[in-house]
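To start, the structure itself, in structure tokens.
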Amino acid sequence: MDTNRLLVLHALRLSGFLSVEKLVHRTGLTADQVNGILQAAAAAEEVKERTGRISGWMLMPAGREAHAALLAEELQSSGAKAEIERLDDAFVELNEPFKALCTRWQIIGDPETGTPNDHSDAAYDGAVIADLAVAHPGVLALCGELAAALPRFGRYAPDFDQALVRLQGGEIKAFAAPMNESYHDAWMELHQDLLSTLARERTAADGH
């Protein structure tokens, strides 16, 4: 199996649109390796480059099919399906508590009637960040088990670590701001990664 090709297509599947620079960060490959894979995939009409003010690459329908086939091949050859299913269940158990933390970060008071958090109350924000820090070791433990089953999951623990460090350093966007390498960004990607890896549909247990 072409592992490097899977890494590139997988990163595009999870993020939707990425520059070569971000693909290098997400995959651990060199820029030359990433560019070579992208050019071959573009020739096969599996990916498309968008240029302009924001440039980057996205998957095409043929790329989604190729990506799904590579994931299925990886899961079968690794023999890790049962372990990934177990860890997916463990992730789902963590999902609701994490979503509740995100709601507290965004809304003060009742989620339906509360007020948006403008982050002017340092004590309030600090309490939510402290609760995230308490949950963080469990997230890292899950990431470690996932990486032991399939090494490509190894990128998540550093992403969660870095987001928490930035958040504790006062960068409020590092909690839940979209497209800011936030804790929530990493969480959503990990969730989609598990869904894609197991080729399963989202259920009520996954939330929205």
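For this structure, a couple of remarks:
- Selection from the range 3-18 of residues that are small (G, A, S) and loosely packed, with under 15 Cβ neighbours inside 10 Å: G16
- Those helices (runs of 4 or more DSSP H) of the range 1-113 in which at least 3 residues are of a type in the set (V, I, T), considering only elements entirely within it, cover 20-27, 81-106.
- Taken as a whole, the range 27-36 holds at least one residue that is closer than 30 Å to A141 by Cβ, surrounded by fewer than 18 Cβ atoms within 10 Å (Cβ to Cβ) and not assigned by TED's automatic domain parsing to the domain that holds W187.
- Taking every residue in the range 90-101 that is farther than 11 Å from L190 by Cβ and touching a residue at least 40 places away in the same chain (Cβ under 8 Å) and pairing it with any residue that is aliphatic (A, V, I, L, M) and surrounded by 14 or more Cβ atoms within 10 Å (Cβ to Cβ), at least 6 positions away or on another chain, the pairs with Cβ-Cβ distances below 9 Å are A90/L142; V92/L194.
- Of residues in the range 162-194 being in contact (Cβ under 8 Å) with a residue 40 or more places away in the chain and under 17 Å from A90 (Cα atoms), the one surrounded by the fewest Cβ atoms within 10 Å (Cβ to Cβ): Q192
- Residues that are among the β-branched types (V, I, T) number at least 1 in the following helices (runs of 4 or more DSSP H) confined to the range 155-208: 156-168, 183-198.
- Residue within the range 144-151 that is touching a residue at least 24 places away in the same chain (Cβ under 8 Å), outside any helix (DSSP H, G or I) and of a type outside the set (G, A, S) present: yes
- The conditions of being assigned by TED's automatic domain parsing to the domain that holds Y156, without any contact (Cβ under 8 Å) to a residue 24 or more places away in the chain, in contact with a helix residue (DSSP H, G or I) (Cβ under 7 Å, 6 or more places away or on another chain) and not polar (S, T, N, Q) are met by P111.
- The test for being among the hydrophobic types (A, V, I, L, M, F, W, C), at pLDDT below 95 and at positive phi does not hold for A204.
The values are calculated or read from the model by the stated rules, or taken from the named source; none is laboratory data. Quick caveat: nothing in here was measured; it's all calculated off a predicted structure. A quick note on method: Cβ atoms are made from the backbone with ideal geometry, for glycine too, and the neighbour counts reach across all protein chains shown.
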